[in-house]
Amino acid sequence: MVSVSSCELEEDPNGIVNPYEFFKTTMQIRAAVNACYDPLNNIHNFKYLIALEGATDLASTNGSAQQDARFEISPSSPGAATILWQHSWRGIRYCISTLAGIERSTVDNSEKAPYAVETRILLAYYYYVLTSFFGDVPFYEDYVENEDDMQRMASLGRMSAVETRKTLIDELLLYVPTLPQVRTCDQEMNNCGAAMGWMLIAKMAAWNKDWDTVIYACEHLEAIYGDLNQYPYSDVCFRNKNTPESIFEINHEYVEGGINYHTASSLAISALVLPKKGAGETGSDMFDGVSIPEVGDKAYSYAPLRPSTYLKSYVAPSGTGDIRREFNIATTWHGAKFKSTEWMGHKFWCFGVYHNDDSNNYKIFRYADALLLLAEAWCEKGDFGKSVDYLNRVRRRAQLDDYSFVGEVKLRGEIRDERGRELFGEFGRKYDLVRWGIWYDQVLAYNTYALAVENIRPCHEYYPIPDVQCARSGRVLSNPEYDKYNLTN
């Protein structure tokens with residue numbers, strides 16, 4: 001569908017399907033919308049996992065040479081920002097082109113309208129990623145049709161992330177109710193539908209501290225998904241694909257004509273979450289002194305993520321009866337204890353991996369997340385009874401005792417810890433810490449990688465826009481927060 005010569009804000013107007021000549025059938029529209037999913041796989045790679053989970057208070061990557069793990073980040077050496085910036089904008093361009101084509105299509109409106117809403121949801125997701133990762137970024141939704149349009153888009157500077165999210169929320173509130181109100185697993189091919197739309201509304205509203213909208217969106221999800229207890233926690237393992245609780249997953253097994261992908265980029269995440277192989281264990285199913293036959297003897301493992309002391313001792317301590325701990329933190333396997341340390345739990349492991357043949361799905365949004373957002377929203381609005389109720393719905397599935405309210409501050413802290421227990425490793429911890437305003441202090445206090453603690457600066461809460469992109473924009477784009485810390489190079 002697409003031949004793109006540039007992956008930045010600078011467009012090639014000839015590189016995207018012409019909306020005047022395509023989109024003549026629903027099959028063509030479906031193909032165009034499917035292509036809008038394509039950049040997702042390049043975004044959700046091992047660097048993204050390190051940035052959002054491995055360089056936080058809950059995990060670290062001790063000994064890693066990755067600059068994202070060490071906070072060796074600057075505009076000229078932006079780490080994960082390069083790929084994320086390129087492919088997020090590529091996804092945005094695909095979505096905008098597809099929307100223009102659907103609008104001009106002669107296909108009956110009743111048939112093409114759901115495809116347009118699905119595309120708008122994807123467009124909102126790409127902007128959600130950009131604003132969460134970079135803060136203020138350019139914002140546009142216009143189809144780039146000629147050289148003048150291209151120059152206009154290339155000259156856009158940073159725009160308010162709050163206003164960008166508000167615009168997207170208003171659009172989704174208009175369109176998401178027109179879709180069938182069903183779970184993602186009930187969507188054909190697990191496409192983005194109403195559940196994903198409501199979740200994005202809630203996520204962006206939480207960033208904006210618009211708690212009424214968070215509640216409105218999450219209550220729609222509650223009506224769709226029902227009782228959390230009907231969804232076993234064991235389903236959250238990445239190897240269990242498109243499970244009923246899931247709202248959005250990144251798929252890594254190709255299905256012809258569908259939205260699933262399989263690339264070598266998934267190898268790095270598989271290698272990042274398995275226990276590290278010790279001396280003499282290469283070519284076997286041994287990992288740190290323990291046999292894991294389910295993974296097999298062909299897997300790679302290098303500089304893996306490790307759960308932090310904060311996670312192990314404070315957020316999810318042993319002996320509490322929390323069934324999630326063994327999924328998130330591996331101390332043993334089949335009764336055998338790992339030699340050197342505790343590792344990421346089997347929730348993340350890929351069974352039967354063959355080098356880069358990682359067929360795991362990545363869990364991005366789940367229903368439990370929506371219930372915890374409801375707990376947070378009601379807490380911020382001062383209705384502590386409702387807040388505790390939603391918090392306890394998640395705790396009960398994990399077989400924890402109910403939490404009893406003792407004060408607003410303690411409740412807020414408990415909700416934040418519960419998000420760590422429930423959603424650890426699911427590409428969201430940094431975003432939570434940043435929107436709570438505690439990212440820098442938490443990482444400085446609890447990350448166990450000495451180089452990370454040495455290099456971290458407050459400006460690192462958002463990644464810099466790559467300097468090559470700033471130069472391409474004629475310096476309309478810049479990174480003033482990094483200038484304050486002399487991190488311009």
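The values are calculated or read from the model by the stated rules, or taken from the named source; none is laboratory data. Computed from a predicted model, the values in this text were never measured in an experiment. Methodologically, a virtual Cβ is constructed for each residue, glycine included, from the backbone with ideal geometry; neighbour enumeration extends over all protein chains shown.
Here is a yes/no grid of residues against (1) at pLDDT 95 or above; (2) part of a loop (DSSP other than H, G, I, E, B):
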{"residue": "TYR440", "(1), (2)": "yes, no"}
{"residue": "LEU444", "(1), (2)": "yes, no"}
{"residue": "THR448", "(1), (2)": "no, yes"}
{"residue": "HIS460", "(1), (2)": "yes, no"}
{"residue": "TYR463", "(1), (2)": "yes, yes"}
{"residue": "GLN469", "(1), (2)": "no, no"}
{"residue": "ARG475", "(1), (2)": "no, yes"}
{"residue": "ASP483", "(1), (2)": "no, no"}
{"residue": "ASN486", "(1), (2)": "no, yes"}
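Conditions (1) touching a Cys at 6+ places or on another chain (Cβ under 8 Å); (2) over 20 Å from PRO39 (Cα atoms); (3) crowded, with 18+ Cβ neighbours inside 10 Å, marked per residue:
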| site | (1), (2), (3) |
| --- | --- |
| VAL117 | no, no, yes |
| GLU141 | no, no, no |
| GLU147 | no, yes, no |
| GLN151 | no, yes, no |
| GLY157 | no, yes, no |
| LYS166 | no, yes, no |
| LEU174 | no, yes, no |
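Looking at this structure, is PHE351 outside the structural domain of CYS218 (by TED's automatic domain parsing) and crowded, with 24+ Cβ neighbours inside 10 Å? For PHE351, the condition - outside the structural domain of CYS218 (by TED's automatic domain parsing) and crowded, with 24+ Cβ neighbours inside 10 Å - is not met.
Taking the residues in region 308-324 that are part of a loop (DSSP other than H, G, I, E, B) and not small (Gly, Ala, Ser) as candidates, determine which candidate is surrounded by the most Cβ atoms within 10 Å (Cβ to Cβ).
This residue is ARG324.
For ALA279, the conditions (1) assigned to a loop (DSSP other than H, G, I, E, B); (2) surrounded by fewer than 21 Cβ atoms within 10 Å (Cβ to Cβ); (3) modelled with pLDDT of 95 or more; (4) not charged (D, E, K, R) all hold with the exception of (3). Selection over region 192-227 of residues that are touching an Asp or Glu at 6+ places or on another chain (Cβ under 6 Å) and surrounded by fewer than 24 Cβ atoms within 10 Å (Cβ to Cβ) gives a count of 1. Cβ separations smaller than 7 Å between residues 6+ apart or across chains give the following pairs from region 381-397 residues that are over 13 Å from GLU408 (Cβ atoms) and without any contact (Cβ under 8 Å) to a residue 24 or more places away in the chain to residues that are surrounded by 21 or more Cβ atoms within 10 Å (Cβ to Cβ) and of a type in the set (D, E, K, R): ARG395/GLU418.
Considering only residues in region 354-394 that are of a type in the set (Lys, Arg) and more than 16 Å from GLY226 (Cα to Cα), the one that is surrounded by the most Cβ atoms within 10 Å (Cβ to Cβ) turns out to be LYS363. Scanning region 93-119 for residues that are within 30 Å of PRO466 (Cβ to Cβ) and without any contact (Cβ under 8 Å) to a residue 60 or more places away in the chain yields CYS95, ILE96, LEU99.
Considered as a group, the residues in region 181-191 that are surrounded by fewer than 24 Cβ atoms within 10 Å (Cβ to Cβ) and part of a helix (DSSP H, G or I) include one that is modelled with the lowest pLDDT, and that residue is GLU188.
Count of region 121-155 residues, restricted to those that are touching a Phe, Trp or Tyr at 6+ places or on another chain (Cβ under 6 Å) and part of a helix (DSSP H, G or I), is 4. Taking (1) under 25 Å from ASP483 (Cα atoms); (2) of a type in the set (S, T, N, Q); (3) surrounded by fewer than 20 Cβ atoms within 10 Å (Cβ to Cβ) in turn, THR56 satisfies each apart from (3). For region 286-314, give me the residue count where each residue is hydrophobic (A, V, I, L, M, F, W, C) and either assigned by TED's automatic domain parsing to the domain that holds ASN62 or free of Cβ contacts under 8 Å to residues at least 24 places away in the same chain (or both). Qualifying residue count, region 286-314: 1.
One line per residue, one yes/no per condition, for (1) at pLDDT 95 or above; (2) under 20 Å from the mean Cα position of the chain (by Cα):
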site: THR309; (1), (2): no, no
site: VAL315; (1), (2): no, no
site: TRP333; (1), (2): yes, no
site: ALA336; (1), (2): yes, no
site: ASP358; (1), (2): no, yes
site: ASP383; (1), (2): yes, no
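When residues in region 398-412 are screened for being assigned to a loop (DSSP other than H, G, I, E, B) and either of a type in the set (D, E, K, R) or outside the structural domain of SER234 (by TED's automatic domain parsing) (or both), 2 of them pass. Taking the condition hydrophobic (A, V, I, L, M, F, W, C) and within 23 Å of ARG93 (Cα to Cα), does TRP198 pass? For TRP198, the condition - hydrophobic (A, V, I, L, M, F, W, C) and within 23 Å of ARG93 (Cα to Cα) - is met.
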